[in-house]
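The values are calculated or read from the model by the stated rules, or taken from the named source; none is laboratory data. None of these values were measured; they are calculated from a predicted model. Quick reminder, even Gly has a Cβ in these numbers, built from the backbone with ideal geometry, and neighbours come from all protein chains shown. We work out accessible area using only protein heavy atoms, side chains counted, and drop any ligands, DNA or RNA first. Shrake-Rupley method; radii C 1.70, N 1.55, O 1.52, S 1.80 Å.
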Amino acid sequence: MNEMTKNVRLLSPQKTIALIAHDHKKDELLEWVKKHSEVIQQHQLIATGTTGKLIENELGVLVHRVMSGPLGGDQQLGAMIAEGKIDIVIFFWDPMEAQPHDPDVKAFLRICAVWNIIVACDASTADFILTSPFMHTEYAVETPDYKVYLNRNIEKGIS
């Protein structure tokens, strides 16, 4: 088996941050956004539908919005991650509440791991990310080079 090589994706000082929150976590995310509004506003913001609208109203800033998570917003953000268009994900998900779109949430978190995306699922981790010295500088993210995987020899009947 060939060892996977790495690519480097350079994040600019102005990051693109995806903001997502399940229904019971929206207030918590809004409080976090207010607490860090000065820093947050220096970056490009993208969010799922309702969360984005709430953040726009709270901060008075433009938030690029995709669909609501259960309607495909998670998948839209996942596609943007695969295309290298998102640098950081702040996703306040509710571990105590079953979600009708749990498979989408799991797929979204998986794609974050596949592409080595910076992810916070709670306020403490999000605080650490936002206060990191890397937040306002260029940062080189190593990502796997999937050429070997994509060019593997596929035989009929083997996935």
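Details
- Taking residues in the range 7-22 that are closer than 14 Å to M80 by Cβ, and partners anywhere that are among the aromatic types (F, W, Y) and at pLDDT 95 or above, the pairs with Cβ atoms closer than 7 Å and at least 6 places apart or on different chains are I20/F91.
- Selected residue (criterion: most open to solvent (accessible area, probe 1.4 Å)) from residues of the range 110-125 that are part of a helix (DSSP H, G or I) and β-branched (V, I, T): T125
- Residue count for the range 84-109 satisfying the condition of being assigned to a helix (DSSP H, G or I) and either within 11 Å of the chain's Cα centre (by Cα) or farther than 26 Å from D145 by Cβ (or both): 6.
- In the condition set (1) open to solvent by 70 Å² or more (accessible area, probe 1.4 Å); (2) outside any strand (DSSP E or B), L10 is compliant with all but (2).
- Any hit, the range 62-78, residues being in contact with a Gly (Cβ under 6 Å, 6 or more places away or on another chain), farther than 24 Å from M135 by Cα and of a type in the set (S, T, N, Q): yes
- Of all residues in the range 84-109 being charged (D, E, K, R) and modelled with pLDDT of 95 or more, the one that is surrounded by the fewest Cβ atoms within 10 Å (Cβ to Cβ): K85
- Hey, L19 touching a Leu at 6+ places or on another chain (Cβ under 9 Å), under 22 Å from T131 (Cβ atoms), in a helix (DSSP H, G or I) and open to solvent by less than 10 Å² (accessible area, probe 1.4 Å) or not: no
- If you go through the range 28-81 and keep only what is open to solvent by 40 Å² or more (accessible area, probe 1.4 Å), among the aliphatic types (A, V, I, L, M) and in contact with a Lys or Arg (Cβ under 8 Å, 6 or more places away or on another chain), you end up with just L54.
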